[in-house]
1. Conditions: (1) over 20 Å from PHE43 (Cβ atoms); (2) among the hydrophobic types (A, V, I, L, M, F, W, C); (3) part of a helix (DSSP H, G or I); (4) out of contact with any Leu (no Cβ under 7 Å at 6 or more places or on another chain). LEU109 meets all but one. Number of the miss?
2. Look through PHE27, PHE47 and report the one residue that is touching a residue at least 24 places away in the same chain (Cβ under 8 Å) and surrounded by 17 or more Cβ atoms within 10 Å (Cβ to Cβ).
3. Would you check if there is a residue in segment 78-87 being crowded, with 17+ Cβ neighbours inside 10 Å and of a type in the set (Phe, Trp, Tyr)?
4. Testing GLY117 on (1) crowded, with 19+ Cβ neighbours inside 10 Å; (2) out of contact with any Leu (no Cβ under 6 Å at 6 or more places or on another chain); (3) not hydrophobic (A, V, I, L, M, F, W, C), one condition comes back false. Which one is that?
5. Would segment 36-43 turn up any residue that is of a type in the set (Val, Ile, Thr), farther than 23 Å from MET120 by Cα, out of contact with any His (no Cβ under 6 Å at 6 or more places or on another chain) and buried (at least 16 other Cβ atoms within 10 Å of the Cβ)?
6. Looking at (1) surrounded by fewer than 17 Cβ atoms within 10 Å (Cβ to Cβ); (2) closer than 16 Å to TYR131 by Cα; (3) in contact with a helix residue (DSSP H, G or I) (Cβ under 8 Å, 6 or more places away or on another chain), find the lone condition where SER64 falls short.
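A short reminder: the numbers here are calculations on the coordinates, not readings from a lab. Computed from a prediction, not measured in an experiment: that's the story for all the values here. Note that we place each Cβ from the backbone using ideal geometry, even for glycine, and neighbour counts take in every protein chain shown.
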Amino acid sequence: MQHHYVLRVVAKILIPLILLFALYVQFHGDFGPGGGFQAGVIFAAAFVLYGLVFGLERVKQVVSATWLRVIAALGVLLYGGVGVASLMLGANFLGYDVLGASGPAGQHLGILLVELGVGMTVAAVMISLYYYFAG
């Protein structure tokens with residue numbers, strides 16, 4: 001691989017900003033546009049950029065394919081767990097009202113947890129797809 005110093009320096013500056021923006025989209029998603037899916041794709045884009053600039057093996061050292069499978073499974077479990085928890089508390093599946101002290105507090109918590117699960121799963125699957133196509 002050739003050494004493209006400017007590209008590497010720019011990537012080192014942009015990647016933390018991309019990850020920060022993904023976190024903003026993730027946690028602002030219940031107040032405005034955005035949420036788990038968009039944040040997961042943005043988060044994965046940072047890893048894809050890292051892989052394109054520094055090589056696939058370097059990005060696999062940061063997060064392995066095994067960890068990606070675990071993160072994807074935990075995201076689905078979190079999503080389903082919120083639904084099961086609301087069922088156990090006597091509401092419909094993903095009926096967030098019962099998760100908090102009041103209806104709006106429960107809805108806020110439920111949406112936050114579901115969107116976090118979606119973001120985790122989407123990011124892990126998108127990075128895994130990059131691994132499979134690049135490798």
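1. Here LEU109 meets the rest and fails (4).
2. PHE47
3. yes
4. Of everything listed in (1) crowded, with 19+ Cβ neighbours inside 10 Å; (2) out of contact with any Leu (no Cβ under 6 Å at 6 or more places or on another chain); (3) not hydrophobic (A, V, I, L, M, F, W, C), GLY117 misses just condition (2).
5. Step one: filter segment 36-43 for residues of a type in the set (Val, Ile, Thr), giving 41-42.
Those still in the list that are farther than 23 Å from MET120 by Cα too: none.
No, every residue in segment 36-43 fails to be of a type in the set (Val, Ile, Thr), farther than 23 Å from MET120 by Cα, out of contact with any His (no Cβ under 6 Å at 6 or more places or on another chain) and buried (at least 16 other Cβ atoms within 10 Å of the Cβ).
6. Status for SER64: all satisfied but (3).
Here's the yes/no breakdown for (1) more than 11 Å from the chain's Cα centre (by Cα); (2) closer than 21 Å to TYR130 by Cβ:
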position	(1), (2)
TYR5	yes, no
VAL10	yes, yes
ILE15	yes, yes
LEU19	no, yes
HIS28	yes, no
PHE31	yes, no
GLN38	no, yes
ILE42	no, yes
